[in-house]
Each structure stands twice: as structure tokens, then as C-alpha cells.
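A single structure is presented below for examination.
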Amino acid sequence: MTEEHLEQENTSNIEQEPQSQTSTDTSDEEVDFELTVESVIEAVLFASDEPLTAPRLAKIAETVVKQVNEHIKRLNDNYKQNHNAFRIDQIAGGFQMMTLGPFNHWLKKLLRARSDSKLSPAALETLAIIAYKQHVIRADIESIRGVAVGEVIRSLMYKGLVKIVGRAEVLGRPMLYGTTRKFLEAFGLNALKDLPNVEELKKPPA
């Protein structure tokens with residue numbers, strides 16, 4: 001795919017209204033299940049990326065530790081009966097939702113795919129230049145890095161981190177590159193103004 005095609009693709013994407021990934025409507029009409037202490041515990045464990053102790057779960061769900069243990073046992077019984085791929089296990093003194101061992105083969109494929117999607121040092125350096133210069137032409141990036149960056153930019157565009165934002169008003173009208181909303185999400189930023197100050201990056205770690 002050429003940069004011209006990518007420009008057309010990005011232009012069409014700009015014209016589309018952004019869509020929310022999750023629904024924020026919590027009206028009673030859309031709730032088709034009974035909200036119980038048990039469902040709250042299940043939701044909290046599902047969302048957590050670390051083990052949660054029974055006292056902590058009890059505090060969150062506004063119940064007592066004994067009931068937490070009873071609800072977890074009942075949830076696990078339901079998971080087993082329904083042949084679900086996960087269980088709530090005791091890990092490091094707490095509870096955590098875990099997938100069952102037989103699924104490890106497929107989970108390893110997922111982890112491998114995530115590893116393949118990591119950015120190389122060259123890609124990170126190029127992305128940093130685009131993020132801080134915003135908006136910048138390829139020649140300026142190559143001048144800073146001292147190497148060709150065409151393939152790196154294309155890779156960043158395929159990953160959705162960089163997009164074509166227009167053309168520079170200079171000879172040849174080269175394309176201008178900028179970062180995307182996905183870039184902000186990937187690096188935990190609310191806006192570009194939240195990028196670390198360049199001088200702060202130069203300071204040695206304390």
C-alpha cells in the first residue's frame with residue numbers, strides 16, 4: 001500500500017464520527033440481569049489484573065468476608081456446570097479470575113501476537129519525533145534520525161499510531177504526519193500537552 005493510498009484511507013477515517021467502545025447508558029431499560037452482591041464480586045474480579053483479598057472484595061461489594069467466600073464458591077460451581085473456560089482461583093492470598101490450563105496453548109498464541117506488536121527502538125524514536133514535532137514531514141524526521149524512515153512510518157501507520165494530517169506548503173508539498181487518538185490511548189495520555197517535557201526526559205533517574 002502506497003503513502004497516497006494511506007492518505008486517502010486516513011482522510012476517509014477523519015470524516016467518520018468516532019464510536020464509543022463501551023456503552024455509558026446505565027438506564028434500567030438496558031439492564032437485563034439482576035444486580036446482586038455475587039454479580040458485583042464477579043464483575044470486580046473480571047476487571048482486576050491482580051489478586052484481590054476477601055476483605056477487600058467484601059469492602060468493595062459492601063458485604064462480609066464469609067459471604068464473599070460463599071459467593072465465589074457458587075460462581076465456580078456455575079462456571080464448572082456451564083463448562084466455562086475460567087475459574088476463580090486463590091492466588092497470593094487473594095482471589096483472581098484465571099483461564100483453565102487446557103487453554104494455555106491458545107493463550108500463548110495471543111501473548112506471542114502481543115509481543116510481535118511491540119515497537120522497535122527505531123519505531124519508538126520515530127514516533128517520539130512525530131509526537132513532539134507535530135506536524136512534521138518525513139525529510140525532517142530523517143534529518144533528525146540520520147536514516148531513512150519510510151518503512152518505519154508505514155509500520156506506525158499500520159499500527160494506527162500515526163496518520164497523514166495534510167501536506168506542507170513547501171516545494172513538492174510533502175505529506176505531514178501526526179499522531180492519532182490510539183497513540184494517546186497506548187501511552188496513557190489525555191492530550192498531547194500531557195507529553196513529558198523534553199528537559200524532564202534528559203534528567204537522569206533519581
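The values are calculated or read from the model by the stated rules, or taken from the named source; none is laboratory data. Quantities reported herein were computed from a predicted structural model and do not represent experimental measurements. Note that each Cβ is placed from the backbone with ideal geometry, even for glycine, and that neighbours are counted across all protein chains shown.
Any residue in the range 127-137 that is surrounded by 11 or more Cβ atoms within 10 Å (Cβ to Cβ), more than 30 Å from Val40 (Cβ to Cβ) and touching a residue at least 60 places away in the same chain (Cβ under 8 Å)?
Yes, the conditions are met somewhere in the range 127-137.
Next up: Go through the range 35-62 and report how many residues are exposed (fewer than 12 other Cβ atoms within 10 Å of the Cβ) and either under 26 Å from the mean Cα position of the chain (by Cα) or among the aliphatic types (A, V, I, L, M) (or both).
5
Being charged (D, E, K, R) and in contact with a helix residue (DSSP H, G or I) (Cβ under 8 Å, 6 or more places away or on another chain), is that true of even one residue in the range 81-92?
There is at least one residue in the range 81-92 that is charged (D, E, K, R) and in contact with a helix residue (DSSP H, G or I) (Cβ under 8 Å, 6 or more places away or on another chain).
If we keep just the residues of the range 63-77 that are assigned to a helix (DSSP H, G or I) and touching a residue at least 12 places away in the same chain (Cβ under 8 Å), which is surrounded by the most Cβ atoms within 10 Å (Cβ to Cβ)?
By that ranking, first place goes to Val68.
Now for a different question. Output yes when any residue across the range 123-142 is aliphatic (A, V, I, L, M), touching a strand residue (DSSP E or B) at 6+ places or on another chain (Cβ under 9 Å), outside any loop (DSSP other than H, G, I, E, B) and in the same structural domain as Glu38 (by TED's automatic domain parsing), and no when none is.
No, that holds for no residue.
Going residue by residue through the range 100-118, is there one that turns out to be surrounded by 11 or more Cβ atoms within 10 Å (Cβ to Cβ), aliphatic (A, V, I, L, M) and touching a Leu at 6+ places or on another chain (Cβ under 9 Å)?
No, the range 100-118 contains no residue that is surrounded by 11 or more Cβ atoms within 10 Å (Cβ to Cβ), aliphatic (A, V, I, L, M) and touching a Leu at 6+ places or on another chain (Cβ under 9 Å).
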